[in-house]
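Participant: Okay, here's the structure, questions in a sec.
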């Protein structure tokens, strides 16, 4: 398991017309084995922060460390799961899962025992993710939920200390999402990895997370951090508990406050009143002319 440390992290995107500050002064400490969820309105930098931790993008200033080591690019200690599955359509389920490890086996210092271990690891993940019966199928033959299971199994293949997930269940239907929620909690508990999970769904964020980090836009920053007052072993009945509902209300209120949704709604209300007033005046004039 690995810790994650972000200290005063900033990310600026340079365009031909302007400098866009995507993240500003983000400081966040995540303990080993912790499951942290990131929520917030669109444009608040959730996915950008995740990509910086993954090493897929470079931060402009500040410091990011995983396991006490500075992030300077992708590393074997981190794995990422995307919303669109990103599976190789020409490979079977089991070959998709083994792909990352097969690349590592080709590097110097790998032995035949490493290859055998990789095969055993793939079989274990197939069983753990409920994919043993479709191991020889191709991605196009699987449902969306099954494809995402393959993507998660592939990410776990190299035993990463950190699992980064960018809205991995966003494209799934509600019933499949609930199954995937319990599955990922079970898998992460067994694997013992540290998880950072990006989502737009507040219910999902609370149900999965030990803590919920709420981010605000323009520029992207951390607004507040909320500890989830629920036992680590979750069940669907917890979604109806007073603690869950109270935290849900608090987070939604903060999202509205930080995203400008209130202002937009107030403007719409005023416009609606103006339209109704104009309509009443028109009806009164037309009635008078008669």
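The values are calculated or read from the model by the stated rules, or taken from the named source; none is laboratory data. Just so it is clear, the model here is predicted, and its values are computed rather than measured. Backbone-built Cβ (ideal geometry, glycine too); neighbour counts: all protein chains shown.
Participant: Kindly list, by first and then second residue, each pair from a residue in segment 9-24 that is assigned to a strand (DSSP E or B) to a residue that is exposed (fewer than 11 other Cβ atoms within 10 Å of the Cβ), limited to pairs with Cβ atoms under 9 Å and residues at least 6 apart or on different chains.
Facilitator: From residues that are assigned to a strand (DSSP E or B), the pairs are 12/19; 13/19; 20/14.
Participant: Here is a follow-up. Looking at residue 126, is it modelled with pLDDT of 90 or more and either in the same structural domain as residue 33 (by TED's automatic domain parsing) or surrounded by 13 or more Cβ atoms within 10 Å (Cβ to Cβ) (or both)?
Facilitator: yes
Participant: State all residues of segment 91-122 that are modelled with pLDDT of 90 or more and in a helix (DSSP H, G or I); if no residue qualifies, say none.
Facilitator: Answer for segment 91-122, where residues must be modelled with pLDDT of 90 or more and in a helix (DSSP H, G or I): 93, 94, 95, 96, 97.
Participant: Determine whether residue 214 is exposed (fewer than 13 other Cβ atoms within 10 Å of the Cβ) and under 25 Å from residue 161 (Cα atoms).
Facilitator: no
Participant: Of these, 248, 234, 262, which one is surrounded by 11 or more Cβ atoms within 10 Å (Cβ to Cβ), assigned to a helix (DSSP H, G or I) and modelled with pLDDT of 90 or more?
Facilitator: 248
Residue by residue, here is whether (1) under 19 Å from residue 188 (Cβ atoms); (2) surrounded by fewer than 18 Cβ atoms within 10 Å (Cβ to Cβ); (3) outside the structural domain of residue 189 (by TED's automatic domain parsing) holds:
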{"residue": "8", "(1), (2), (3)": "no, yes, no"}
{"residue": "11", "(1), (2), (3)": "no, no, no"}
{"residue": "15", "(1), (2), (3)": "no, yes, no"}
{"residue": "26", "(1), (2), (3)": "no, no, no"}
{"residue": "31", "(1), (2), (3)": "yes, yes, no"}
{"residue": "42", "(1), (2), (3)": "no, yes, no"}
{"residue": "54", "(1), (2), (3)": "yes, no, no"}
{"residue": "67", "(1), (2), (3)": "yes, yes, no"}
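Participant: Failed condition for residue 98, given (1) on the phi > 0 side of the Ramachandran plot; (2) not assigned by TED's automatic domain parsing to the domain that holds residue 199, with all others met?
Facilitator: Residue 98 satisfies all of (1) on the phi > 0 side of the Ramachandran plot; (2) not assigned by TED's automatic domain parsing to the domain that holds residue 199 except (1).
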